[in-house]
Structures are given as structure tokens and as C-alpha cells.
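Heads up, the thing below is written out as C-alpha cells.
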Amino acid sequence: MESDQPRFVVCGHDTLTYRLVEHLVERYNGDVTVILPPDALGQSKGIAALPGVRIVEAERPTAAALTEAGLAGADALALVEQNDGGNVDAALVARELNPSIRIVLRIFSRGLTEGVRRLLPGCAVLSSSALATPAFVAAALGETAPAYVRLPDRTLFEARREDVDEHDILCGLASNGREDPDLLPSDDAAADLVLAVNPPAAARIAAPRRPRRPLRALYRLVGRRLSIAFGVVTGLVVASAVALALIKDVSVAQAAYLTILNTVGGANADLGAPAAEKVVQTVLTLASIALLPLLTAIVVDSMAKARLAITTGVLTGPLADHVVVVGLGDVGARVIRALHSFDIDVVAIERSPDARGVSVARELRVPVIFGDGAHSETLRAAWVPQCRALIVLTTDDVANLETALVGQTMRDDLRVVVRLFDGDMADRVERTFPNTASRSVSHLAAPAFAAAMLGREVIGTIPVGRRLLLVAELSVGAGSRLEARPAGEVSTPGQARLLAVRTGRGTQTLWSPPYGRALARTDRLVVLATRTGLADLLARTEPSTDHHVPLLTHDAPLPRPRHRAE
């Protein structure tokens, strides 16, 4: 007898692979086959121990390996290696073997994403780093992070209730704050974090790029010594101008005229002039000797340092109130892009000049220090004691923790966000060390990949503390448990909330639909859910195999609920 278990094939061998397989097995009771290279078998022990998981050894997902993995009878294939080209090649092979297979691709390159979607229609293309980036940025910036999700017809913002108008609130997100939140409470009025259709006041202020501070930029380019010298000479010139105005009893404009001529052209000796005027002219003459070479030095030094910063990405002076990012892999590259879009100064630290994010940093003119982030000298070179947050994003848990601890020894109140795969370690770190937040890329991204394998689209994520809410779009399957049921039954306190119904009538979308509005199989539901809530909704929207289920569409009369909800 054929099993009713969904069957999946997964190609990969990193932490995302483990989290994805775990999610497919535990949440969706899936029968999973994982294709692993032989030299990665040591990393597959945890995967192989999961129930219902089979391992196929192959250097890469060739046609033979995919056939051995049972691609012909699989419901979906996930290609999650950290190799964009290899994943695309494997997808083309898989489509030839099974044209109807649902394929989920992990792609980092944003330029490649649209090309793959055109080349392989129906494939879901996701980036684990893009899914995880908002959580890292929000953890680093705290209340100042403008968290949002863009939908085709509107943008939804996470905000504190007091920062938005009541009529802009779509639903409650969480109560009891960000650190230990009670997600999706049954009473919206009890939520202090809400989802709004207009940005909060803080986001409106932060949305435009903040003006640059020219004096600070000049100080960074010129340096301390030249800045002091220029300030002293400028002060002497200004003071002399004021003195001339008083001595000669002339207007400010005339005093400025005399000052400029005396400084640039030199004073004409006048033995009959008053003593005070002689002193002022002498000071201006001496100042002019220093001023013109000083201006020349400032221009030359600034141009040289600016060119050096552009070509090599090195720091040209002291920094403060910036964010230091350690590790320029996939996630690091996305994080510095996000921070740059908020016009926040960033300094990056990376061991390898060949890391993916180094080219991104140079494109954005973000300074990069090449060295070990766990060394205090490297962190001091990035001005960590003066920064607003330290984000540690390498793939080594131990190295990340060491870097975080070294950073906090430099300043007790330093905000640190550390990437950790081990969930238990992450919990202990947050409980033990103040001002420290931990996040896992695989933990944040796995639910979206799993949902895509079941044909559901995760539009975005909203981080709330260490937990994550998913914004997804689901179809009401023909004969599913939700077809013909009231829209209000979609929402489950603490697990899921219905935001909107896309009716299938062109672009019509019903936001906050009435409780009694019956759902049709042509509807698509925009929902906000936890991982558990999304898994439950996937089961409730799954099409039925019973062919005697009556058809319900938008052109048919909508049945009324038998009982009104109290």
C-alpha cells in the first residue's frame, strides 16, 4: 500500500540542510532523502538520526544520484548547497528527469534570481541570508530598526502601539515586549507590538537618508593634527577681522575685505598706523604664511585619503556610533547592504580577501579590516569601543562567541549580536551575558524553504526577539478543511492570524475580511503565523482527494456559518 507521507529530496550538507530536513520530518511527517558528498558524511550524523531520512552519497546531484534518491516519485526537491551555479545546474537536470517536480533553489545572487525564475518557471528561489538579515539588523539596532514586509499592494510595518494611529493597526503581533513575547495574542488590544499599514513616527523619520555631517566627514578625512592646525589659524584670522572692525570703526564687510587682502596678499607697511592695527596686520601676515600651505596640505591629504578609502576600503580616521560587522559571507554581505540602506556607518572585519562580501563592501565604500575578529587589536582598529553594535556572523560558533566576549570586555554596555547554530548554546548565552542577542540563519530560514517545498509562498519574516513570525500566502485547496468555512476560522490565537484574502477576481484583496465571509477554492490567504501555526494551516488548506466535494467559487452563493461566534 502506497504511503500517504509526502516525499522530499534535499541536496546539501550545511546547517540549513539539517534544519530543513528536521523541519520536514517533524512538522510535516515527511519521508526525506538527502544527497550528500562522501566527505560530508561526518556532518550528516544528525540528519541520518532523524526518523524517515535516507542518505545517498554523491559528489554532486547528478542524474544518477537524483534517480537513486527517488526523484521520480518525490513531491519536491530542495537544492540548498552554497553554490549558485551548482544549484541551477542540478535544477536543470531534475527538470529533465521529472518535469512536474516542485523545485526549491537556494540562490544568493540577486541578479541570478530573476534569470532563474524565467529559465525555470514554477521554481521557488529563496536566499537564506536574505530571510535572516532582518532579524540580525533588528537585533543590532533595537527600537530604531524599521522592520517591514513589502507586499505587492502595500507595505506592512512592525511598530509599538503608541507610535501608530489606531486605525492603521492591522493586528497585534506580541505582548510582553520583544525579549519574551507572547505572540499573536487573542486580544489585539493587549498587544504592545502591532502590525500597521503605515510606518510609525520613528520609521517616518528614519526613512529618508539622514544628512551627512560635513564637519565630522572633514575631520575623518583630514585627521586630528591638520584639523587642529586649521582651526587655530582660522580662529586667528576671524579674531583679527573683528579687531580691524573695532580699530578702524568700519563695517563687517569692509573688515572682511581688509582681512582677506592682508591674509592673502600681505599687509602694506604703514608706520603711521595705530599700534593695535600694526599688531593685527602682523598677526594676519604670520597667519597667511601658515594658512595657504595648510589649505594645500588639507586638499592634497583629503584627496589622497579619499582615493585610498575608495580603492582599498581602509579606515581614514576615528569613528563613533557605527556598526561593526565581523564576517563577510553571504549573511554579512546582506547585513552591510541593509545597514547602508539605513545610512548607518559600517566597518567590516574579514579574514579572507576572497570572501563574497568584500566586493559588496567595496561597492558600498564600507571600510574592511582584514584580520581575526577574535583579536582585541583587530576590534580596536575597527573602533569597537566607540561603536553602537557589534554583529558577529562567521560560520564558526566558537569563534563567534569568542569575538563577542572580547568585544564586551572593551565596553560593558556594548550591544552584541552573535550568530550561533547551537540553539541550547544560544539560550545560555542570552541568559548569561547582558546586551547580547543570538540568532541562527538556518533556524530563521528553514521554515520558508519547507513551506516552499509544499507549494506555499513565504513572503517575508518579522523578527520578534529570538522568535520569528512568517508572512505567507496560501491557496485554499479544493475540498480542504477550510473551503466553505468562515474566514474567521483561519486565525488561531498564538499561532496564526488572517491578514487578507485575495479573491481571484483580478487584483481584488480583502484586508481584515469579516469573520463570516466564506472561503472559496479560488481564494489565496495572506496570513501571519508562527512555525507551528503555518504547519497547521498547510494541513488545513491541503486539497482533498475526495472528488465528491462540492465546488465553491466566488460566482457561487457563499454559505452562511451555522452558528454565530460569541
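Quick look at the numbers
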{"item": "Some residue of the range 65-85 being touching a Cys at 6+ places or on another chain (Cβ under 6 Å), of a type in the set (A, V, I, L, M) and open to solvent by less than 60 Å² (accessible area, probe 1.4 Å)", "result": "yes"}
{"item": "Residue selected from the range 13-29 under the condition in contact with a strand residue (DSSP E or B) (Cβ under 9 Å, 6 or more places away or on another chain) and within 13 Å of L538 (Cα to Cα), by the criterion modelled with the lowest pLDDT", "result": "Y28"}
{"item": "Subset of the range 358-396 that is assigned to a loop (DSSP other than H, G, I, E, B) and basic (K, R) - its residue that is modelled with the highest pLDDT", "result": "R388"}
{"item": "Pair list, Cβ < 8 Å and 6+ apart or interchain, from the range 388-408 residues that are under 17 Å from F370 (Cα atoms) to residues that are among the hydroxyl-bearing types (S, T, Y) and open to solvent by less than 20 Å² (accessible area, probe 1.4 Å)", "result": "L390/T403; V392/T403; T394/T403"}
{"item": "Considering residues of the range 406-422 that are open to solvent by less than 30 Å² (accessible area, probe 1.4 Å) and within 17 Å of T395 (Cβ to Cβ) only, the residue farthest from the chain's Cα centre (by Cα)", "result": "L420"}
{"item": "Where L390 falls short, out of the listed (1) open to solvent by 10 Å² or more (accessible area, probe 1.4 Å); (2) under 21 Å from V335 (Cα atoms)", "result": "(1)"}
{"item": "Selection from the range 318-355 of residues that are surrounded by fewer than 23 Cβ atoms within 10 Å (Cβ to Cβ), among the small types (G, A, S) and either in contact (Cβ under 8 Å) with a residue 60 or more places away in the chain or in a loop (DSSP other than H, G, I, E, B) (or both)", "result": "A320, G329, A338, S352, A355"}
{"item": "Within the range 4-32, tally of residues that are among the charged types (D, E, K, R) and out of contact with any helix residue (DSSP H, G or I) (no Cβ under 8 Å at 6 or more places or on another chain)", "result": "3"}
{"item": "Total residues in the range 46-86, condition at negative phi and touching a residue at least 60 places away in the same chain (Cβ under 8 Å)", "result": "12"}
{"item": "Pairs where the first residue, in the range 372-383, is closer than 14 Å to L405 by Cβ and the second is open to solvent by 40 Å² or more (accessible area, probe 1.4 Å) and outside any loop (DSSP other than H, G, I, E, B), C-beta under 6 Å, 6+ apart", "result": "A374/E402"}
{"item": "Candidates G477, G494, filtered to the one that is crowded, with 17+ Cβ neighbours inside 10 Å, within 24 Å of H23 (Cα to Cα) and of a type in the set (G, A, S)", "result": "G477"}
{"item": "Among the candidates R150, R161, residue that is more than 29 Å from T503 (Cβ to Cβ) and in contact (Cβ under 8 Å) with a residue 12 or more places away in the chain", "result": "R161"}
{"item": "Matching residues, the range 231-249, being over 14 Å from A276 (Cβ atoms) and either modelled with pLDDT of 75 or more or more than 57 Å from the chain's Cα centre (by Cα) (or both)", "result": "V238"}
{"item": "Pairs where the first residue, in the range 33-45, is within 13 Å of A65 (Cβ to Cβ) and the second is crowded, with 18+ Cβ neighbours inside 10 Å and modelled with pLDDT under 65, C-beta under 8 Å, 6+ apart", "result": "V34/S44; L36/S44"}
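Conditions tested, residue by residue: (1) open to solvent by 20 Å² or more (accessible area, probe 1.4 Å); (2) modelled with pLDDT of 85 or more.
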residue	(1), (2)
A91	no, yes
L105	no, yes
R110	yes, no
L126	yes, yes
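The values are calculated or read from the model by the stated rules, or taken from the named source; none is laboratory data. The structure presented is a predicted model; accordingly, all values stated were derived computationally and were not measured. Here Cβ is always computed from backbone atoms with ideal geometry, including for glycine, and neighbour counts include all displayed protein chains. Each accessible area value is taken on the protein alone, full model and side chains, heavy atoms only, with ligands, DNA and RNA left out. Shrake-Rupley method; radii C 1.70, N 1.55, O 1.52, S 1.80 Å.
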